[in-house]
Amino acid sequence: MLVRVCSLSDLEDKKPKKFSLNGIEVVVVKVEDRVFVMDAYCPHKGGNMEYGDINGYRIRCHLHGYEYNMETGDLVCNPYGKSDGWYFSPNLKIYKVEVKGKDVFVEV
Ligand code: FES
């Protein structure tokens, strides 16, 4: 089901913004002419991705510095270099985005 998230004018370039879609919280990021939508909370330990830093098409969680690819959700940088126990992180959930006119929609 395609659901409207926001208008393009609600977004500032490289500034993550959180929205709620019928109880599902997502973060939307615009990078130039691309728009990405992801889970609002980091899959590592639940950091709020709205406070993430954007570097190209990557988002860096503010809590422990893990970085995820916003196109695929893949974990691309774990600054601790360990992946067991506390250090483990699944990938970030990414939603399929459609921009229609001036509005952003996601598949949920
Ligand atoms: S909670 Fe995001 S990197 Fe740990």
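The values are calculated or read from the model by the stated rules, or taken from the named source; none is laboratory data. Note that this is a predicted model, so its numbers are computed, not measured. Note that each Cβ is placed from the backbone with ideal geometry, even for glycine, and that neighbours are counted across all protein chains shown. For accessibility, only protein heavy atoms count, side chains too; no ligands or nucleic acids. Shrake-Rupley method; radii C 1.70, N 1.55, O 1.52, S 1.80 Å.
Legend: P(r) of region 51-92 from all alpha carbon pair distances, 10 Å bins from 0, whole percents, reading 31, 57, 11.
The order of His64, His44 by accessible area, most exposed first and with a 1.4 Å probe, is His64, His44. Per the Debye formula on identical point scatterers at the alpha carbon atoms of the chain, with no solvent, log10 I(q)/I(0) at q = 0.16, 0.22, 0.24 Å⁻¹ is -0.64, -1.15, -1.33.
Protein-only accessible surface at a 1.4 angstrom probe places the residues Leu92, Leu63, Leu8 in the order Leu63, Leu8, Leu92, largest first. Close amide-amide hydrogen proximity is noted between Tyr66 and Cys61, each under 5 Å apart and 5 or more residues distant or on a separate chain (H modeled in the peptide plane; Pro and chain starts excluded). Among the cysteines of the chain, Cys6, Cys77 have no other cysteine beta carbon within less than 4.7 Å of their own.
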